[in-house]
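Since every read-out is calculated from the coordinates, none of them should be taken as a lab result. No experiment lies behind these values; they were computed from the predicted model shown. Here the Cβ positions follow ideal geometry from the backbone for every residue, glycine too, while neighbour counts run over all protein chains shown.
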Amino acid sequence: MDNTNRRILKALQEDARISYAELGKQVHLSAPAVAERMRKMERDGIITGYRLSVDLDKVGLPILAIVQCKVFPAMERKFKDLLLTIPDLIECYNTTGEQAFVIKIATQSMARLDEILETFGDMCDTNTMMVLSTPVYRTLPDTFFQQPDSQ
């Protein structure tokens, strides 16, 4: 991963819809050279997709919660199956530690959040935190862009 590829990724992190021409200007390459580098990073599995970013408030999902789940013994498979049925769930992490699952839920009301949490009652203990704001959102840490070239 060289510094040019890092600069391409940084620009894409800021605006994934940037044109090859504009991206080329930012990283001092031609549009075809940028396109080739991006195709190679896609082929190598570095770039895994281009995703939609949505303002949840503006689409009617003002309640954003992070829920830590301590799953009861022998309930993990059933719990994972349940998670797949919850349409309000937007992220799930299986983590180390006592709270083995951390999930992110976006929903339209506190009442709906309460309904979701009630479905967990027989399978886990939960600790719910309401997201007030997102002061930092990145797909890559800034330190990544400051690393020396490596091939």
Among the Cys residues of the chain, which have no other cysteine Cβ under 4.7 angstrom away? C92
Divide by every residue of the chain the summed helix terms, -39500 (n - 2.57) for each DSSP H run of at least 4, and state the resulting mean residue ellipticity at 222 nm, rounded to the nearest 500 deg cm²/dmol. -10000 deg cm²/dmol
Using only the Cα atoms of the chain, what are the Rg and Dmax in Å? 20.0, 58
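Take the residue pairs K58/K80; K10/K70; K10/K80 and return only those whose Cα atoms are more than 32 Å apart. Spell out each step's value before the answer.
Values: K58/K80 30 Å; K10/K70 36 Å; K10/K80 34 Å.
Checking Cα-Cα distances, K10/K70; K10/K80 exceed 32 Å.
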Projected area averaged over orientations for the range 3-51, convex hull of C-alpha atoms, nm²: 3.0
Charge dipole (the range 1-105, unit charges on Cβ, about Cα centre) - positive-most of M1, V67, L89: M1
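Quick one: if the Förster radius is 25 Å, what FRET efficiency do E42 and V136 give, using the C-beta to C-beta distance and rounding to 0.05? Walk me through the intermediate numbers first.
Values: r = 26 Å, r/R0 = 1.05.
Efficiency at R0 = 25 Å is approximately 0.40.
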